[in-house]
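What follows is calculated from the coordinates using simple rules that are stated; it is not laboratory data. On a predicted model such as this, the values are computed, not experimentally measured, just so you know. Positions of Cβ are generated from backbone atoms using ideal geometry, with glycine treated the same way; all protein chains shown enter the neighbour counts.
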């Protein structure tokens, strides 16, 4: 089946399959398996898999290749995957949030500037983002994937897109929190993704209530099934 046909099927439930759609359209992934059971896609480093309603988890798991990272949709598929694969690290349970609107307001207050970040901003980003190493931070900066918020000439926060296309890395200095800057940064990022023809989505770690509330305030919709990062 052609990629266009696969995307057509996935688009019937964008909230559930936004990450897979974006990986296929913009991140260089290719389809390894597509059937009534589910879908498996992969690039050289990662594999993503999802089960369709009424599909066989066993049939889909058998098509998932060995990769450094696996992104598995649904509890049922995760349990089947876990039964047949050795998992050396604790899986990360997340929930997919997707913005399905066509536009979003992103009014920038006086004294604030939002700009693309470059390698000149590496020290600031690396010192504030602790969920990954310096190499990853540099790769995102070189890719032009991060935007930053300046208030009266000083950089006070940033956000951007991860390698697989999801929104994340949202950080605001402690002294500037509770002023709506995190919401402003994400609004601008959503607008940028929409202008690029993409689907704004993110994966929220289970239990991160603060981030979840922000997504719902911005109008993102939550997928029915969890997403496991393994």
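The value obtained for the range 112-198, namely the Cα convex hull volume divided by the number of residues, is 91 Å³ per residue.
Starting from the Cα gyration tensor of the range 96-142, take the square roots of the eigenvalues, sort them a ≥ b ≥ c, and report rounded, prolate or oblate (rounded when a/c is under 1.5, otherwise prolate if a/b is larger than b/c, else oblate).
Working: a/c = 2.59, a/b = 1.44, b/c = 1.80.
Oblate, because a/c is 1.5 or more while a/b does not exceed b/c.
Each label point was placed 7 Å from the Cα along the Cα-to-Cβ direction; for residue 103 and residue 90 their separation is 4.5 nm.
The equivalent ellipsoid that matches the C-alpha gyration tensor of the chain spans semi-axes of 32, 18, 16 angstrom, in descending order.
A crude spin-label estimate for the pair residue 7 and residue 162, with each label 7 Å from Cα along the Cβ direction, gives 2.2 nm. In this rough spin-label picture, where each label sits 7 Å from Cα along the Cβ direction, the residue 194-residue 208 distance is 2.2 nm.
Could you list 221, 102, 142 so that the one with the fewest beta carbons within 10 Å of its beta carbon is first and the one with the most is last?
On the way: 221 17, 102 6, 142 11.
Lowest count first: 102, 142, 221.
Averaged over residues, the count of other Cβ atoms within 10 Å places the peptides 13-20, 58-65 in the sequence 13-20, 58-65, highest first. Compared with the direct C-alpha span, the chain from residue 43 to residue 176 gains 44.0 nm at full extension, assuming 0.36 nm per residue. The simple Förster model, with R0 at 41 Å and r as the Cβ-Cβ distance, assigns residue 130 and residue 36 a FRET efficiency of 0.45. Scaling the Cα radius of gyration of the range 16-116 by the globular reference 2.2 N^0.38 Å produces a ratio of 1.35.
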